[in-house]
Amino acid sequence: MIELTHIKKTYDTGRARVTAVDGVSLSVEKGDIYGIIGFSGAGKSTLVRCINLLERPDSGRVRVDGVELTELSVPQLREARRRIGMIFQNFSLMPSRTVADNIAMALRHSALTPEKKKEKIASLLELVGLGERAESYPSQLSGGQKQRVAIARALANDPKVLLCDEATSALDPQTTRSILKLLRSLNEKLGITMVVITHQMSVVKSLCRHAAVMEHGRIVERGTAVDLFSHP
Ligand code: ADP
Ligand code: ADP
């Protein structure tokens, strides 16, 4: 489903050139939940942003669901990106809009009729367990509820892939468990492929089937989550 080949990404900070991702290859199978774990600054976020070309790699190839994203025109890429949902540590909701309108934003290019959009938003909110909160504002929700809204929004265009960038890092342990449970159930129900980046070992252990450990822009270890964490 996802194939990254020799991805390299550097940043020019003015004073120095920082290599954030240093020649990483990674393939993630359809339906997998793939964890990328490592300390802050390891390059996880940059790598995962290369999957939807939020960051453009200096070199290397990005293939998602059979499409070579690095070769698409800007409008084609915009279209392809709708098939790749993403959620973040800070939820990135629009504070001045209701829950329903936050999700509607993701549907603004959709061909659905207004009536069908409303139905879609209602069913997405049901899916994430927030059926009653369509008219709430983000400030009226807990952190876990905000992340549920962000997940509903990320799923609005029926993506094949969901990218999760430290999605539970701002949440307490109990809320983290409930969000991880939701992500797992979405993976099972929808068959959606997930890439999860985290600095928390517990997240990989409880959610992921496969994982890679990143250090200084490189993958230093990879395998099944069980094998990786059963080392002596
Ligand atoms: P090992 O620990 O068995 O040596 P590595 O992670 O060093 O495995 O990988 C060896 C080579 O195989 C690397 O160059 C890497 O590009 C490729 N490789 C291994 N696993 C994957 C994977 N899941 N996706 C893409 N390439 C992989
Ligand atoms: P992680 O997600 O593992 O914390 P990042 O991908 O955010 O790692 O960062 C990897 C490296 O790239 C770090 O050294 C970071 O400072 C640097 N970096 C990330 N984004 C930028 C940017 N926009 N400009 C300059 N340097 C950056």
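The values are calculated or read from the model by the stated rules, or taken from the named source; none is laboratory data. Computed from a predicted model, the values in this text were never measured in an experiment. Neighbour counts run over all protein chains shown; Cβ positions are idealised from the backbone, glycine included.
When R97, R108 are checked against the criterion of being of a type in the set (K, R) and either in contact with a Leu (Cβ under 6 Å, 6 or more places away or on another chain) or more than 28 Å from T175 (Cα to Cα) (or both), R108 stands alone in meeting it. Could you list all residues from the stretch 123-142 that are farther than 13 Å from L155 by Cβ and either in a helix (DSSP H, G or I) or among the β-branched types (V, I, T) (or both)? Selection gives P138, S139, Q140.
Would you point out which residue out of E221, E188, E126, E135 is touching a strand residue (DSSP E or B) at 6+ places or on another chain (Cβ under 6 Å), surrounded by fewer than 19 Cβ atoms within 10 Å (Cβ to Cβ) and without any contact (Cβ under 8 Å) to a residue 40 or more places away in the chain? Lay out the reasoning, then the answer.
Values: E188 fails: touching a strand residue (DSSP E or B) at 6+ places or on another chain (Cβ under 6 Å); E126 fails: touching a strand residue (DSSP E or B) at 6+ places or on another chain (Cβ under 6 Å); E135 fails: touching a strand residue (DSSP E or B) at 6+ places or on another chain (Cβ under 6 Å).
Residue meeting the stated conditions: E221.
Could you check the stretch 6-33 and list, in sequence order, the residues that are at pLDDT below 95 and of a type in the set (D, E)? Answer for the stretch 6-33, where residues must be at pLDDT below 95 and of a type in the set (D, E): just D12.
Has the stretch 63-74 got at least one residue that is in contact (Cβ under 8 Å) with a residue 40 or more places away in the chain, touching a strand residue (DSSP E or B) at 6+ places or on another chain (Cβ under 7 Å) and either assigned to a strand (DSSP E or B) or within 15 Å of ligand 2 (Cβ to nearest atom) (or both)? Looking for residues that are in contact (Cβ under 8 Å) with a residue 40 or more places away in the chain, touching a strand residue (DSSP E or B) at 6+ places or on another chain (Cβ under 7 Å) and either assigned to a strand (DSSP E or B) or within 15 Å of ligand 2 (Cβ to nearest atom) (or both), one finds at least one in the stretch 63-74, hence yes.
Against the definition (out of contact with any His (no Cβ under 6 Å at 6 or more places or on another chain), modelled with pLDDT of 95 or more and within 14 Å of M1 (Cα to Cα)), how does R63 come out, yes or no? Against the criterion (out of contact with any His (no Cβ under 6 Å at 6 or more places or on another chain), modelled with pLDDT of 95 or more and within 14 Å of M1 (Cα to Cα)), R63 qualifies. Applying the condition of being away from ligand 1 (no atom under 12 Å from the Cβ), hydrophobic (A, V, I, L, M, F, W, C) and in a strand (DSSP E or B) to the stretch 1-45 and asking which residue is farthest from the chain's Cα centre (by Cα) yields V18. When the residues of the stretch 1-13 are filtered to those that are more than 9 Å from ligand 2 (Cβ to nearest atom) and without any contact (Cβ under 8 Å) to a residue 60 or more places away in the chain, the one that is nearest to E188 (Cα to Cα) is L4.
To keep it simple, each residue is scored yes or no on (1) under 22 Å from A170 (Cβ atoms); (2) at pLDDT 95 or above; (3) under 18 Å from the mean Cα position of the chain (by Cα).
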site: V74; (1), (2), (3): no, no, no
site: R81; (1), (2), (3): no, no, yes
site: G85; (1), (2), (3): yes, yes, yes
site: F88; (1), (2), (3): yes, yes, yes
site: K118; (1), (2), (3): no, yes, no
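Within the stretch 199-214, is even one residue charged (D, E, K, R), surrounded by fewer than 19 Cβ atoms within 10 Å (Cβ to Cβ) and at pLDDT 95 or above? Yes, the conditions are met somewhere in the stretch 199-214. Anything in the stretch 199-232 that is within 15 Å of ligand 2 (Cβ to nearest atom) and either in a helix (DSSP H, G or I) or in contact with an Asp or Glu (Cβ under 6 Å, 6 or more places away or on another chain) (or both)? List them, or say none. Passing the criteria: M201, V203, V204, V213, G217, R218. Just checking, does the stretch 81-102 include any residue being surrounded by 12 or more Cβ atoms within 10 Å (Cβ to Cβ), without any contact (Cβ under 8 Å) to a residue 40 or more places away in the chain, more than 30 Å from V21 (Cβ to Cβ) and not acidic (D, E)? The answer is yes, given that some residue of the stretch 81-102 is surrounded by 12 or more Cβ atoms within 10 Å (Cβ to Cβ), without any contact (Cβ under 8 Å) to a residue 40 or more places away in the chain, more than 30 Å from V21 (Cβ to Cβ) and not acidic (D, E).
Listed conditions (1) within 15 Å of ligand 1 (Cβ to nearest atom); (2) small (G, A, S); (3) closer than 26 Å to L107 by Cβ are all met by A156, apart from (1).
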